[in-house]
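Inspection log for the structure reproduced underneath, given as structure tokens.
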Amino acid sequence: MKKNFVLSHPKKPYQRIIEEAKNEVKKYIKQERAKALPEDADFWGFDCKFGQTAEKARVIHEGDINTNISSAQSQHWKSFYLEVIATPKSRAKRPDA
């Protein structure tokens, strides 16, 4: 998902638009995790970027998406860019002690 979320609407309150954006991201991640994994992968990882625009976007952790959206809300941004790309990943084996 590569999307520019616009946080203004003539009939919806700002808070409701923020909640819709968070819900859409949560729904997308749930949908991607339900897809079949390749044989060499253990889980779906997500490469995420967040910023006011695609050019200003910086890499963030998947768990920090809602925190960043809330931060955008507190700063009263008019829009934000979010990129969430699902990538198959494997768990690293721990070295024996």
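Regarding R91, is this residue touching a Phe, Trp or Tyr at 6+ places or on another chain (Cβ under 6 Å) and more than 18 Å from K2 (Cβ to Cβ)? Here the answer is no, as R91 does not meet what is asked. When we screen D47, D40, D64 for residues that are charged (D, E, K, R) and over 15 Å from the mean Cα position of the chain (by Cα), the only hit is D40.
Only the coordinates and a few stated rules stand behind these numbers; no lab work does. The shown structure was predicted, so the numbers you read here are calculated from the model rather than taken from an experiment. All Cβ positions, glycine included, derive from the backbone under ideal geometry; neighbour counts span all protein chains shown.
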